[in-house]
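Participant: Sharing a structure below in structure tokens format, with a few things to ask.
Please treat every number below as a calculation from the coordinates, not as lab data. Values in this document were obtained by computation on a predicted structure and should not be read as measured data. Here the Cβ is made from the backbone with ideal geometry for all residues, glycine too, and neighbour counts use every protein chain on show.
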Amino acid sequence: MSKNGATDPASEAWALMRRLVWGRRPQFVTRLGELGLYPPQAIALLELGEGEPMPMSALAERLRCDNSNITGIADRLESAGLVERRPAPRDRRVRTLAVTERGRVVQGKVAEIMADPPAGLAALSEEDAAALRDILERALAATPA
């Protein structure tokens, strides 16, 4: 909405996208729960990727949260056998998180859950879905990092 109470197309589109994403949240949370995860843990697991172990502080930066939040998330992921803490090779005071083999399997399942489009998007024609994709790509390209 603009300051005078009128809506503009960009605000309306954003409101619709929020409804689409948040409307899927209960299903998303349920499916993650079946894996023994809450959304912050699942997102952290995906951010860890498949590469080198990541310092906990770098994960906190990527998730834009306080280091103390990462400690709790890492505790739960480690308890589930999905990650392990390791000292950083160059500075043993720095703790890194490495995804375990079991963690890689769960990462794949989380990625599948995240990639599954909401029913409303899946119901669009291929032409409409492609048009929406292209519009969103342009919007992302115009968004500052």
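Participant: Placing +1 at every Lys and Arg Cβ and -1 at every Asp and Glu Cβ, with all other atoms neutral, what dipole size does the stretch 1-80 have around its Cα centre, in debye to the nearest 20?
Facilitator: Values: 9 positive and 10 negative charges, 103 e Å.
The dipole of the stretch 1-80 has a size of about 500 debye.
Participant: Picking from Leu132, Leu77, Leu121, which is most flexible by a Gaussian network model of the chain using Cα springs under 10 Å?
Facilitator: Its mean-square fluctuation being the largest, the pick is Leu132.
Participant: For the chain, modelled as a Gaussian network with Cα springs under 10 Å, which listed residue fluctuates most, Met17, Met56, Met114?
Facilitator: Of Met17, Met56, Met114, the Gaussian network model singles out Met17 as fluctuating most.
Participant: I need the P(r) histogram for the stretch 9-141: all alpha carbon pairs, bin width 10 Å from 0 out to the longest distance, whole percents.
Facilitator: The percentages, shortest bin first, are 11, 34, 29, 20, 6, 0.
Participant: Quote the relative contact order of the chain in percent (integer), defining contacts as alpha-carbon pairs under 8 Å separated by 6+ residues.
Facilitator: Dividing the mean separation by the residue count of the chain yields 21 percent.
Participant: After finding the eigenvalues of the alpha carbon gyration tensor for the stretch 41-100, what semi-axes result from the square roots of 5 times each, listed largest first in whole Å? Could you put the intermediate results ahead of the total?
Facilitator: Values: eigenvalues 46, 35, 24 Å².
Over the Cα atoms of the stretch 41-100, the semi-axes work out to 15, 13, 11 Å.
Participant: Of the candidates Pro117, Pro40, Pro89, which one comes out as most mobile in a Gaussian network treatment of the chain with C-alpha springs shorter than 10 Å?
Facilitator: Fluctuation is largest for Pro89.
Participant: Given the DSSP H assignment, sum -39500 (n - 2.57) over each helix run of at least 4 residues in the chain and divide by its residue total; what's the result at 222 nm in deg cm²/dmol, nearest 500? Can you show the working numbers first?
Facilitator: Working: 8 runs with 91 residues, N = 145.
Here the helix-only value at 222 nm equals -19000 deg cm²/dmol.
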